[in-house]
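Input: a single structure, listed below in C-alpha cells.
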Amino acid sequence: MQGNDHDFRFGRWPLCMQRGKKFHVSGYAEVSTRKKTFAEVQTERLDQAERTVLIKCPSKLNEKKLLQYLASHGNVKSHFFFENRGISALIEFSEKSSITSLQDAVGIPSASEHHVVPFKSRLFTFTLKNPVSQHVEETPLHLSPQSHIPVKDLIEKLCLADSISSQMYILLNEYQLTEENIRLRFLACSLVRDFARAYFPDSTVKPFGSSVNTFGKLGSDVDMFLDFRDTGRHATKMKKGPFEMEYQMKRLPSERLATQRILSVIGDCLDNFGPGCANVQKILNARCPLVKFSHQPTGFQCDLSVSNSIAIRSSELLYIYGCLDSRVRALVFTIRCWARVHGLTNSAPGTWITNFSLTMMVMFFLQRRSPPIIPTLDQLKELAGKHSCLCLLQLIFYCTFVLSKVINKPNLKERLYVLLGEFFEYFGNFDFRKNSINLRKGKEVNKPESSPLYIWNPFEQDLNISKNVNQPQLEKFIAMARESAWILQKEDKTQQMINKEPWGLAALLIPFGKNNSSKMKNRMKGIGSETIRSLLDSLKLNNASSQQKAVGK
Ligand code: GTP
Ligand code: MG
C-alpha cells in the first residue's frame, strides 16, 4: 500500500515552492528521504541532543582552533554558531563518551565573587588566555539566525513577490523553524532531562506542541514534557513471569498530586542548580500543571509539564496534517501571522484565541473544502483499521492512499490565495451562535453549550479547546476576517504596485486601523452596533489582560 515516491501527490513532505524552485523545509528534509515515523524522528533527535554540548565563545574566535581543541576529545559530527547574549557554538559529537572526556578536562569557575553550585552540565565557556597574541581568522563566523525577520521587513519582501500564493510561501520560509533551531530545542529538552534523571533515571524529556508539529515559528516557546513510559513498560514485563515482583513506590491519592510533586521538585532543581535557568515559575494549580522558565543559554521560553497523552496526540495529528500537503503549512503560518498582527492572538494567556485553536480552525476549514484537502479524524481512524489512534502516525506514509480512498477526487488544484480568501469568507460568515467546529466529523455541529467559540477537542469529546475565548474576542476575529476578505476581493495588484502600496498578503499584515480606519468603519456597519460595542470592550479588555500574570494553560 505504501506506493512509490513518484506517485505521491499528497505524500510529499513539506515542500516549498518559491518562484518555481522546490526545496525541502529544513528539519523535515532528512525525514522525508528515509520515511520515518514521528516517534522515530523524535528518538533520533533526542539521541543527537544527548551527544551535543553548548559553548559560550568570545566574540573574536578562531573557529579552527576551537574545533581542533574539541577534536582531542572525539570526532565533532556537526556544529554551528549563533548569537544569544554573545556568541555560542552548538557542538554535536559522534560519541557520547567525548562529552565525558571534555567534562573531565574542563575547569570549574573560581568562586571569588560568587559561590558556584558544582553541577557539571553540558554548558561550557570558552575563553582565550591571551586574546591579543592569538591569531583570529579574517573570515567572520557564520551565525545561524534564531529569530525571524521583523514584520516590517517581511512586508517589504512580500511586495516584491509575483503572486499572493508566493507571498504565503515566502512568509512560511522566513518564519518556520530552521534545522539549527530544531536542534537547539531538542538540546534544551535534553539539558532538562539531565536534571530529571538525577531523580528518575528512566525518564525522558520530549518536546511537543509547535516545536514538533510542523507549525513552529522561530521565537515560539518550547513545550516539553517529562515522560516515564519506560517505567510502565517494565512493570508489564515483570507480570509475564511465573512470579510477580514489583518496586515499592510512594503512593499518592491522585495522579494530579504526583504530577504536582514531581514538577515542584524538578522546578526547584532548575531554579537552584540549573545554569542559565531563570524566572522559574511553578504553576501547579493550572488544569495542566507546569513549570515555566527561561533557558538563557538557548534563548528559549520553556513550559515543562508531565506526560500528557492528549497533547502528544494533538501534536502528532497536526504533524500528519502539516505533512499531507504543502498548502497546509503555508496557510497556517499566514493565518497565525495575520492574527498576531491584528492583536487576535497574544503570547500571554487570556480571553483571546490561541494559536492552537486557530490552527485547528484552519484544519477544519481544509476539511470543509469541496473536495476536501485533508481528511477528517474519523476517516483517518477508519483507515487505521484495528489500530488505535496512536497508530495514525503510520498513515503519514500512506497519504495518497488515505486521500484517494476517502475522497474520490482529491483537491489538488485550489490555489493558496483562493484558500486564504475563502478562509476569511468562511469564518467571517460562520454561525458561531449556533454551530461548533468538530474535526473528528469534519462537520459543523450544534453547540453543546453556550461558549462563544466551541472547538471540540479531537481526542477528548465534550471538551472545548477554545473555552477561554470570550464574545468580544470572537467578534473581533469575525470583523477582521470580513475586512480581510473584502481587501482581497478589491485587490488591484497593478494599481497598488504603481502607487507603491503594499498589496496582497502585505496589505493584510498592516494593522487595519492605521491606514484605512474610515473604510473599515463603513464595513463594520454591517456587523451591527452591538458588535462595535463589544469590540471596544475587547480593546479595553486587551489592555487589562496585558497586565495579567501568566496563569497557565
Ligand atoms: P505556539 O507555541 O504558539 O507556536 O503554538 P503551540 O501549538 O505550541 O501552542 P502552545 O504552546 O500554547 O501549546 C502547546 C501544545 O499544548 C499545543 O500544541 C497543544 O497540543 C496543547 N494545547 C494547548 N492549548 C490547549 C488546549 O486548550 N486544549 C488542549 N487539549 N490542548 C492544548
Ligand atoms: Mg508552544
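The values are calculated or read from the model by the stated rules, or taken from the named source; none is laboratory data. Fair warning: this is a prediction, and the values are worked out from it, not measured in the lab. For neighbour counting, all protein chains shown are included, and Cβ atoms are generated from backbone atoms with ideal geometry for every residue, glycine included.
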(request) State whether the residues of segment 51-67 include one that is of a type in the set (Gly, Ala, Ser) and under 30 Å from Gly219 (Cα atoms). (result) yes
(message) Which of the numbered conditions does Leu324 fail, given that it passes all the others? Conditions: (1) within 13 Å of ligand 1 (Cβ to nearest atom); (2) over 17 Å from Ala481 (Cβ atoms).
(response) (1)
(message) For the structure I just gave you, tell me whether Phe364 is away from ligand 1 (no atom under 14 Å from the Cβ) and out of contact with any Ser or Thr (no Cβ under 8 Å at 6 or more places or on another chain).
(response) yes
(message) Among the residues in segment 188-207, are any at pLDDT 95 or above, under 30 Å from Ile487 (Cβ atoms) and in contact with a strand residue (DSSP E or B) (Cβ under 9 Å, 6 or more places away or on another chain)?
(response) no
(request) State whether one or more residues within segment 162-171 are surrounded by 20 or more Cβ atoms within 10 Å (Cβ to Cβ), in contact (Cβ under 8 Å) with a residue 12 or more places away in the chain and within 16 Å of ligand 1 (Cβ to nearest atom). (result) yes
(request) Kindly establish whether Leu128 is in contact with a strand residue (DSSP E or B) (Cβ under 6 Å, 6 or more places away or on another chain) and either assigned to a loop (DSSP other than H, G, I, E, B) or of a type in the set (A, V, I, L, M, F, W, C) (or both). (result) no
(request) Starting from segment 62-74, take each residue that is at positive phi and list its partners that are surrounded by fewer than 17 Cβ atoms within 10 Å (Cβ to Cβ) and acidic (Asp, Glu), counting only C-beta distances under 9 angstrom and pairs at least six apart or across chains. (result) Gly74/Glu95
(request) Residue by residue through segment 335-356, note down the ones that are aromatic (Phe, Trp, Tyr) and within 8 Å of ligand 1 (Cβ to nearest atom). (result) Phe356
(request) Mind listing just one residue for me: the one in segment 298-321 that is surrounded by fewer than 23 Cβ atoms within 10 Å (Cβ to Cβ) and under 18 Å from Ser147 (Cα atoms) and, of those, nearest to ligand 1 (Cβ to nearest atom)? (result) Gln301
(request) Sort out which residues of segment 265-314 are modelled with pLDDT of 95 or more, outside any strand (DSSP E or B) and of a type in the set (Val, Ile, Thr), and write them in order of number. (result) Val265, Ile266, Thr298
(message) Please go through segment 203-221 and give me each residue that is part of a strand (DSSP E or B), touching a Lys or Arg at 6+ places or on another chain (Cβ under 6 Å) and under 24 Å from Thr334 (Cα atoms), ordered by number.
(response) Pro207
(request) Residue by residue through segment 317-341, note down the ones that are touching a strand residue (DSSP E or B) at 6+ places or on another chain (Cβ under 9 Å) and either within 20 Å of Thr37 (Cβ to Cβ) or among the β-branched types (Val, Ile, Thr) (or both). (result) Arg329
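Table: residues versus (1) in contact (Cβ under 8 Å) with a residue 60 or more places away in the chain; (2) away from ligand 2 (no atom under 16 Å from the Cβ).
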{"residue": "Phe273", "(1), (2)": "yes, yes"}
{"residue": "Ala278", "(1), (2)": "no, yes"}
{"residue": "Leu284", "(1), (2)": "no, yes"}
{"residue": "Pro289", "(1), (2)": "yes, yes"}
{"residue": "Gln296", "(1), (2)": "yes, yes"}
{"residue": "Gln301", "(1), (2)": "yes, no"}
{"residue": "Leu304", "(1), (2)": "yes, no"}
{"residue": "Ser307", "(1), (2)": "yes, yes"}
{"residue": "Ile312", "(1), (2)": "yes, no"}
(message) Can you pull out every residue in segment 427-451 that is touching a strand residue (DSSP E or B) at 6+ places or on another chain (Cβ under 6 Å) and not in a loop (DSSP other than H, G, I, E, B)?
(response) Asn435, Ser436, Ile437, Asn438, Glu444, Val445
(request) For segment 175-210, name all the residues that are small (Gly, Ala, Ser), closer than 16 Å to Ser294 by Cα and within 16 Å of ligand 1 (Cβ to nearest atom). (result) Ala188
(message) Just checking, does segment 264-285 include any residue being within 11 Å of ligand 1 (Cβ to nearest atom), of a type outside the set (Lys, Arg) and buried (at least 22 other Cβ atoms within 10 Å of the Cβ)?
(response) no
(request) Give me a count of the residues in segment 169-202 that are in a helix (DSSP H, G or I), over 27 Å from Lys96 (Cβ atoms) and within 16 Å of ligand 2 (Cβ to nearest atom). (result) 1
(request) With the condition kept exactly as written, say whether any residue in segment 115-123 is farther than 23 Å from Arg185 by Cα, at pLDDT below 95 and in contact with a helix residue (DSSP H, G or I) (Cβ under 8 Å, 6 or more places away or on another chain). (result) yes
(message) Taking the conditions exactly as written (in a strand (DSSP E or B), under 30 Å from Lys120 (Cα atoms) and more than 15 Å from ligand 2 (Cβ to nearest atom)), does Lys250 satisfy them or not?
(response) no
(request) Filter segment 327-377 down to residues that are more than 16 Å from ligand 2 (Cβ to nearest atom) and more than 23 Å from Ala507 (Cα to Cα), then give me how many there are. (result) 15
(request) Identify, from the list Phe459, Phe477, the residue that is of a type in the set (A, V, I, L, M, F, W, C), within 27 Å of Thr376 (Cα to Cα) and surrounded by 20 or more Cβ atoms within 10 Å (Cβ to Cβ). (result) Phe477
(message) Checking Lys476 against (1) within 26 Å of the chain's Cα centre (by Cα); (2) part of a loop (DSSP other than H, G, I, E, B), only one condition comes out false. Which one?
(response) (2)
